[in-house]
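The values are calculated or read from the model by the stated rules, or taken from the named source; none is laboratory data. Predicted model only: the values in this text are computed from it and were never measured. Every residue, glycine as well, gets a Cβ built from its backbone with ideal geometry; the counts of neighbours run over all protein chains shown.
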Amino acid sequence: MLLPLASYLLWAVFVVSWWAAGAGLGTGDLALAVSVLGIVGLAASVAASYLVYALLNRASLHFGRTRALLRNAISGLESRIGTAGQEALLPLTSAEEGLYKLSRGEHERSAVLWALLASVPIVGWIFLVAALWFLSRDFAKHCRLEELVLEDVDRTMKGAGLQGVSVRNVPVGSRDVLGAAVVIASLIELLSVFLLGPAGGLVLIYLTVGAFSLIWLDLSIRDPNSHFSFHSQLEPDILRSLPDSVSGAGTEGVA
């Protein structure tokens, strides 16, 4: 969080200084300071954008690993289900349908593209909010659909005479309220252009969006931790009952 915070503070000082210089509130030395701040802020933005890349890439790897894990678990159960009867066949069919919905419902987002957009000076914070909003919604949807599949896998395993897996809800919030707050605050602050002028209004919007983005970044780092912890317990449970189910998922991401 230090790099995003440094980037925000540097660009905050930059835009305020630029606004002051444009309003004739500074001296010639202020123009030089603004130029230096711009160069340093650009370097900080590029470095901070790596965090955006890391968060999106972490999500993509986890989603891919989860799909592989569930796919292999269902395949392993299919080979055991022949003599188990309807008690295991029905939840297995439901698990296959749930996995299909999970696979169709998850979209691959380019971590590189969003990191590049977030590194754009000043306006990159708007792209950052969009990326974090997409990320939080993707995680919330992933957890919801994954839980449905795991419930069916658990029922199938028990119906086939195997030890079931621990299924507990570990939701990750979509943070839609936070996203709506950013949009509403930005729209309200657009009215400030009548008091502060176009430049002053844009400066105020940047300060607000940037502050919300820092909060959202911290939440995006911490929110999935409980879900990852759940997976660190889930995979050994599946491995004990279906030894071949995790081996095929080992190269498709991290929990």
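Each residue in the stretch 164-197 was checked for being closer than 30 Å to residue 93 by Cβ and exposed (fewer than 12 other Cβ atoms within 10 Å of the Cβ), and 3 of them qualify. The set of residues from the stretch 90-119 being within 29 Å of residue 160 (Cα to Cα) and either in contact (Cβ under 8 Å) with a residue 40 or more places away in the chain or of a type in the set (S, T, N, Q) (or both) comprises 91, 92, 93, 94, 95, 98, 99, 101, 102, 103, 105. Among the candidates 249, 211, 255, the residue that is of a type in the set (A, V, I, L, M) and at pLDDT 80 or above is uniquely 211. Reported count of residues in the stretch 205-239, each being over 16 Å from the mean Cα position of the chain (by Cα) and closer than 30 Å to residue 184 by Cβ, is 7. With respect to residue 96, is the statement that it is surrounded by fewer than 22 Cβ atoms within 10 Å (Cβ to Cβ), of a type in the set (Asp, Glu) and part of a helix (DSSP H, G or I) true? It is true that residue 96 is surrounded by fewer than 22 Cβ atoms within 10 Å (Cβ to Cβ), of a type in the set (Asp, Glu) and part of a helix (DSSP H, G or I). Of all residue pairs spaced 6 or more apart or on separate chains, those with beta-carbon atoms under 7 Å, a first member in the stretch 210-235 that is free of Cβ contacts under 8 Å to residues at least 60 places away in the same chain and a second member that is surrounded by 14 or more Cβ atoms within 10 Å (Cβ to Cβ) are 226/170; 232/255. Is it fair to say residue 160 is surrounded by 13 or more Cβ atoms within 10 Å (Cβ to Cβ) and either in contact with a strand residue (DSSP E or B) (Cβ under 7 Å, 6 or more places away or on another chain) or at pLDDT below 75 (or both)? The answer is no for residue 160.
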